[in-house]
Amino acid sequence: MTATLFAARPSAVHALNPLTKLTLAIGAVVAAAALETLPAVLAVYLLVLVPLAARAQVLPIFLRTCARVVWPFALSLFPIQGFFAEGTNVLFTLGPFSLKAEGLWIAAFLTARLLVGLGAATLLMLTTRPDHLMQSLVQRGLPGQLAYIVVTALQIIPGFQARAQAILDSQRSRGLETEGGLLRRVRALAPLVSPLLLGSLMDLEERAIALEARAFTRQGTKTSLTELQDGRGEPAARALLIALMLGVVALRFV
Amino acid sequence: MIDVRGLTFTYSGTTAPALQAIELKIPEGQLCAVVGANGAGKSTLCFALSGFIPHFFHGEMHGEVSAAGRSVAGTPLADLAGEIGLVFQNPFSQISGARYTVREEIAFGLENLGVPRAEMPGRIGEAVELTGLSGLEERSPYALSGGQQQRLAIASMIVMRPRILVLDEPTSQLDPAGSKEVFAALRALAAGRNTTVVLVEHKLEWVAAFADRVVVLAGGRLIADGPPAQVLAAADLEQHGVGRTRYTLAARQAQARRLRPPSADLPVTLDQAREFFR
């Protein structure tokens, strides 16, 4: 029960060092931002991210997640860019507005870039446990406290959702009306917010005590139960990815 | 070894002391239960023994607490962590939130202490077995029941092998069978590893059966201290808001109806009751 997308699979992509996957994700985003043609940006998605998602055995959830997030943006980008971007190739006119081919191309290009960024992040999240990602970053110098905040935020959200639901259910059982018009729904929030907020503050204090009792703030070397190892060739792969990334960026400005 | 000398503590923003002139010595390997009504100062005593008073909860403190050979007030909390463990009632807030399986959650404290990786599986296995969590190692801590989460909180402390373990109502979410297992584990810890265990608990039958010693707090003062059979059978216990074991209650009924002599010692455990009614 977590708020993460991670889907455990026995795949080679899952087995990669989180740092390698993070480098790949950043590389894909940088490439999408630097490449200037629609086919090139789409190629990053179709020839890199989609095959990797398939290899990781997460292709259906990968495509579903991308589609769910991208379509609302696409839905607004195409009419806005189509009608309001500069251009001369008018496809048709609707009153004072003209739909232009150049605008649709810009919308498609922006959507493709969004798709790559989203796809890279989705693939990383589907195949990498957040705590492993943070552990690998802590090993590279990220402060442990910062990593803790990121990981716990993802883990604790479902717990708080469950608590909010329990409070809501108990208020309903005592006759609180939570269904109906906007005003009624807003009014129903008041008896929910106070116990949720106070309960969360009390939890926060207890959690701080529990962490202290488990030596969280202790200075000195810390160890880890899980060992995040580099597979054969992974450091070289990361170096290659960084070189490619720099190459694409350099080409953009040449 | 715990040594409390003249401890008085008043929380910031309050005027009445939560603890007053507490004198208490608990030797190594002893399982000492603390009982008392709500507001008696039990949780405050737990915080004082584990260093959260004065480091975390601020207020006016007089007297001295030393535990595991260190002055609690003079030692940073982070340094006390490996020596003194604290488990409290609410298991949800004791889960670190940073680990995805029970096994990893138990390892969290070991990782912070810098225990070598090779040593971890053995210690985790031992803690899992002691707390009856076998078979749940790969589950998410958030997918456990309240009772299982409470055992996880205890396992997460036991694994750090503290010299002193302070537990504030650790069985509040456990059923009778689960409570018995936890008490037995604490008993084993005290006897087998020489760990000093301080346990705040309302379940007096279990306290009577497993504790070496019972301390009674009322209004922030220590009002009784001794073996369970002596303290829990004392005539004035109810005046201080502390209940009776069902064995004591049954024996008192028998004495009131003249079925047993009034001079006979009141039982506090099942074995003693068996003798009493024989």
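The values are calculated or read from the model by the stated rules, or taken from the named source; none is laboratory data. Remember, predicted model here, so these are calculated numbers, not experimental data. For neighbour counting, all protein chains shown are included, and Cβ atoms are generated from backbone atoms with ideal geometry for every residue, glycine included.
Residues in the range B:75-92 that are facing chain A (nearest Cβ under 7 Å), of a type outside the set (A, V, I, L, M, F, W, C) and buried (at least 24 other Cβ atoms within 10 Å of the Cβ): B:Gly85 only. Being more than 7 Å from chain A (Cβ to nearest Cβ), within 15 Å of B:Met157 (Cα to Cα) and without any contact (Cβ under 8 Å) to a residue 12 or more places away in the chain: is that true of B:Gly125 here? Yes. Give the residue that is farthest from the chain's Cα centre (by Cα), with candidates limited to residues of the range B:44-58 that are at pLDDT below 95 and under 14 Å from B:Thr14 (Cβ atoms). Among residues in the range B:44-58 that are at pLDDT below 95 and under 14 Å from B:Thr14 (Cβ atoms), the one farthest from the chain's Cα centre (by Cα) is B:His58.
A count restricted to the range B:128-151 and to residues that are over 14 Å from the mean Cα position of the chain (by Cα), more than 10 Å from chain A (Cβ to nearest Cβ) and crowded, with 24+ Cβ neighbours inside 10 Å stands at 1.
Select, from B:Ala273, B:Ala233, the only residue that is within 18 Å of B:Ala208 (Cα to Cα) and in contact with an Asp or Glu (Cβ under 8 Å, 6 or more places away or on another chain). Before you say what the answer is, go through the steps one by one.
On the way: B:Ala273 fails: in contact with an Asp or Glu (Cβ under 8 Å, 6 or more places away or on another chain).
Going through B:Ala273, B:Ala233 in turn, just one is within 18 Å of B:Ala208 (Cα to Cα) and in contact with an Asp or Glu (Cβ under 8 Å, 6 or more places away or on another chain): B:Ala233.
With a requirement of 2 or more residues that are surrounded by 14 or more Cβ atoms within 10 Å (Cβ to Cβ) and either over 28 Å from the mean Cα position of the chain (by Cα) or at positive phi (or both), the helices (runs of 4 or more DSSP H) lying completely within the range A:138-254 that satisfy it span A:144-173, A:182-213. Going by what's in this entry, would A:Glu102 be described as assigned to a loop (DSSP other than H, G, I, E, B) and away from every other protein chain (no Cβ under 14 Å)? No. Considering B:Gly97, B:Gly109, B:Gly132, the condition of being under 30 Å from A:Leu5 (Cβ atoms) and touching a residue at least 24 places away in the same chain (Cβ under 8 Å) is satisfied by B:Gly109 alone.
Counted as qualifying within the range A:1-96 are no helices (runs of 4 or more DSSP H), as none has 1 or more residues that are polar (S, T, N, Q), in contact (Cβ under 8 Å) with a residue 12 or more places away in the chain and touching a Cys at 6+ places or on another chain (Cβ under 8 Å). With respect to the conditions (1) of a type in the set (A, V, I, L, M, F, W, C); (2) more than 14 Å from chain B (Cβ to nearest Cβ); (3) touching a helix residue (DSSP H, G or I) at 6+ places or on another chain (Cβ under 9 Å), A:Leu197 falls short on a single one, namely (3).
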